[in-house]
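Below you'll find the structure, written out as structure tokens, and then a few comments.
Read-outs: derived from the displayed coordinates by stated rules, not from any lab. None of these values were measured; they are calculated from a predicted model. Cβ coordinates were reconstructed from backbone atoms using ideal geometry, including for glycine residues, and neighbour counts include every protein chain displayed.
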Amino acid sequence: MEKFADEVLIEVAAGTGGNGCVAFRREKYVPRGGPSGGDGGRGGDVVFVVRRNLRTLAHLRYKQFFKAENGRDGEGSGRYGRNGGDVVIPLPPGSVLKDPDTGEVVRDFGRNDREFRFLKGGNGGWGNIHFKSSVNQAPRKALSGKPGKQVRLQVELQLLADIGFVGFPNAGKSSLLDRFTNARPKIAPYPFTTKIPNLGVLTIDDRDIVLADIPGLLEGASEGLGLGIRFLKHISRTAALAFLIDLSEDAYLENFDILYKELAAFSPDMIQKPRFLIGTKLDLEGTAEHLENLKTKYSEEIVLGISVFSGQGIPELAALMGKLAVSNDPVLAVSPKEGQEL
């Protein structure tokens, strides 16, 4: 199994502040020097930072406890303790921090988030230099540093993409991603070749369009059958959905209805997204006629036919994706067909 992680439980702790110091001036010709104990340094913070080069949470599986540095204690001669260093935790785009007990979202790292300072370190304690008064010229009092807070977090990953590929196993999703992008998903002539989500970037007119390929769905996926249901959350935030239909299959006319119902059962919001249908494997015998039948049955949907092998229909599909990503063309905001059951 490839090293893909989309959920992990971690524990984070801010640094404890340094203790204040009790000290007195000891200088020649100053027999009764006053207090000179400095303050302790502040504890380090817990900081989450989005790294664009990360695609999974696998790096959090091997280190699940993150603690910021404690502040240093104050010293004599009025010297303050050094502040503790922050602990910086990198996350991939689309990560979500949740309370593991309540499920409440603490932070959702959307498309524009870069940094989140989650916990602040404890303040350093005051040295005795702060406690001198007219009635107490030599105070022997200093404060301890404040402890840093420690928290458990559930980290989940929901990939951010412009267009998500949905289809049955072996429908050609990975082949299309390979054709359009520099992603190199595993491709083989048997079902469930794709076991983890794959991302790729299609560049059209200096515009980067992020495409997401998830493992193929099966009928009954919303009830836990197959692999795809686990990864459906990864296309929950896509701008649009591309339904890939294998035109060489006998049941090609029923596949979209099945996929539609599975997504509706998983989340009603999914089927409200802009969508279009892609008939694949157009280079095989008889598939051209099947494509026309598909267009006739779903006349209110946008239906394109392609062959990754011959390149037929690929430029038209790329143009459609580019149009959607740039302008959010309202023609793609397709509502369910009249009479279509959820």
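Of the listed pairs Lys63/Lys141; Lys98/Lys273; Lys28/Lys146; Lys63/Lys273, which have alpha-carbon separations greater than 30 Å here?
Working: Lys63/Lys141 40 Å; Lys98/Lys273 25 Å; Lys28/Lys146 36 Å; Lys63/Lys273 37 Å.
Going by Cα-Cα distance, Lys63/Lys141; Lys28/Lys146; Lys63/Lys273 fall outside the 30 Å limit.
The simple spin-label model puts a point 7 Å past each Cα toward its Cβ; for Glu292 and Asp269 those points are separated by 4.2 nm. For a bin width of 10 Å, list the pair-distance distribution of the stretch 1-81 built from all Cα-Cα distances, rounded to whole %. Each 10 Å bin holds this share of Cα pairs: 17, 27, 19, 15, 12, 7, 3, 0. Between Phe65 and Thr102, what's the calculated FRET efficiency when r is the beta-carbon distance and R0 is 25 Å? Round to 0.05. Efficiency, rounded to the nearest 0.05: 0.70.
Ordered from longest to shortest, the equivalent ellipsoid semi-axes for the stretch 1-158 are 44, 13, 11 Å, each the square root of 5 times a Cα gyration tensor eigenvalue. Projecting the Cα positions of Gly74, Gly103, Gln64 onto the charge dipole of the stretch 63-121 (unit charges on Cβ atoms of Lys, Arg, Asp and Glu, taken about the Cα centre) puts Gly74 furthest along the positive direction. Placing R0 at 51 angstrom, the Cβ-Cβ distance between Asn136 and Ser236 gives a FRET efficiency of 0.20 after rounding to 0.05. Using alpha carbons only, the radius of gyration of the stretch 76-163 set against its Kirkwood radius gives Rg/Rh = 1.24. Length gained on full extension, Ala58 to Arg207: 50.7 nm, using 0.36 nm per residue less the C-alpha separation.
Give me the extension gain from Glu301 to Glu27: residue separation times 0.36 nm, minus the current Cα-Cα distance, reported in nm with one decimal. Provide the component values of the computation, followed by the final result.
Details: separation 274, 0.36 × 274 = 98.64 nm, distance 8.84 nm.
The Glu301-Glu27 span can extend by a further 89.8 nm.
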